[in-house]
């Protein structure tokens, strides 16, 4: 469905939660080193629960390596607090790459400056400066799903409300 890219994530439970989100969306999770934890960290797998084994996961040695294979283009969206372009005004297509920076540094400024038209942000009130990475990923990715819902492979629900 989509490609979720975490650039140098630092907090294991965030990555585990995002991995679980990816499984439920049919998305691929790309992790770009250095990571702030061991990929087998209990906190990662605990947050991902039994979903982690189903995850379509790609691990990259560096951001530059990732960009060599997947250069930023019209199918890329860079989440940042350093733009005014709202995430829900962007157009998403199946297969797009949605990039999120580390919890402490975000995406490198040189990359953001070279790709201003690809930057998106989530609106926040005046008292906050950022959201939890897992929450931000869910917000943006489910907007991408909303725009591409036709053909989404949904989970079959065994008990409907009518049967209860």
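Just so it is clear, none of the values below were taken in a lab; they were calculated from the coordinates. From a predicted model like this one, the values you see are computed outputs, not experimental measurements. In this analysis, Cβ positions are derived from the backbone assuming ideal geometry, glycine residues included, and neighbour counts consider all displayed protein chains.
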So what's the back-of-envelope 222 nm ellipticity for the chain, counting only DSSP H runs of four-plus at -39500 (n - 2.57) apiece and dividing by all residues, rounded to 500?
-8500 deg cm²/dmol
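Can you tell me the FRET efficiency between residue 146 and residue 67 if r is taken as the Cβ-Cβ distance and R0 is 25 Å, rounded to the nearest 0.05? Walk me through the numbers on the way to the answer.
On the way: r = 28 Å, r/R0 = 1.12.
Once rounded, the FRET efficiency stands at 0.35.
So if R0 is 30 Å, what FRET efficiency would residue 154 and residue 130 give, r being the distance between their Cβ atoms, rounded to the nearest 0.05? Don't skip to the answer; put the middle values down first.
Values: r = 32 Å, r/R0 = 1.05.
Once the sixth-power term is evaluated, E becomes 0.40.
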How do 62-75, 9-22 rank on mean C-beta neighbours within 10 Å, highest first?
9-22, 62-75
With eigenvalues of the C-alpha gyration tensor scaled by 5 and rooted, the chain, Å
25, 20, 16
Given the convex hull of the Cα atoms of region 97-156, what is a quarter of its surface area in nm²?
5.8
Grab the Cα-Cα distance for residue 42 and residue 84, subtract it from 0.36 nm times how many residues apart they are, and report the gain in nm with one decimal.
11.4 nm
